[in-house]
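For reference, the structure discussed in these notes is given below.
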Amino acid sequence: MKKILSIVMLSSLLMACNQNNQPTQKSTTDQASSSSNAPAQNEQSKYAPYSKDEVEAKVQALTQIVENDTEYLPAAVKQAQSFLESWDKYPEALKSMMESDLDPNNAEYSNHIPMEMEQPSLSVRAQITSRESQSAFNVQGAIEYILEIQSTNDQPFVLQGMSINRGRCGYYTADFHSKMPVQMSYSSTVSYLLKCRGDQVLEAELTTDQGNVSLSF
């Protein structure tokens, strides 16, 4: 009887041990399965909420800016570098990178300053005339020289200043309506008394609200 009881107890003990081992094996299998799926899930979450293709396209564009840094503004290169270093570490950085308008084709970030378009030159003509001085302070027979400037420009402009012979020859306003600044329309004329002889005048530069005009004599 004692022998039978011993056999029964041994059998029960073996069955209990077997039952305890089964969940452990299943748990080990589940952990292995979870471990194999973890890299794929992590990779997907790295791009979320954007697609992998969208993020990789943006990364490629920013890489182009960094690799060709001389072609872009320093601030743009620095910003692109910052995005490349942090987008896969912080969700906020990824969001900022994807919403940024940083792009190698965006002219705003180009380091090449476009040349200003040349404005159409103003059309004027000028001549120097002479006459006997009308000033009571000059001796009889003294000659004075007058620079006349006439607009042949279709659009009006404002004459703001003038330099004759690079500033070496001064001038007076010959009449009230020639006082600068003066607006000139087509065919209007202004006159200035020169402080030098007319044959000494080589050039004059007019300053206007639409650019400078160079005259030669």
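The values are calculated or read from the model by the stated rules, or taken from the named source; none is laboratory data. If you're wondering where the values come from, they're calculated on a predicted model, not measured in any experiment. A quick note on method: Cβ atoms are made from the backbone with ideal geometry, for glycine too, and the neighbour counts reach across all protein chains shown. The protein model used for the area step is the full one, side chains on, heavy atoms only, and it has no ligands, DNA or RNA in it. Shrake-Rupley method; radii C 1.70, N 1.55, O 1.52, S 1.80 Å.
Over the stretch 92-217, the hull volume per residue, using the convex hull of the C-alpha atoms, is 177 Å³. One equal scatterer on each Cα of the stretch 157-197, no solvent, Debye formula: the resulting log10 I(q)/I(0) at q = 0.29 Å⁻¹ is -1.07. For LYS179, the aspartates and glutamates whose Cα comes closer than 20 Å to its Cα, not counting residues fewer than 8 places off in the same chain, are GLU144, GLU148, GLU205, ASP209. Using only side-chain charges placed at the Cβ, +1 for Lys and Arg and -1 for Asp and Glu, the dipole size of the stretch 56-110 relative to its Cα centre rounds to 140 debye.
Solvent exposure of the stretch 86-217 amounts to 69 Å² per residue of accessible area, where only protein heavy atoms count and the probe is 1.4 Å.
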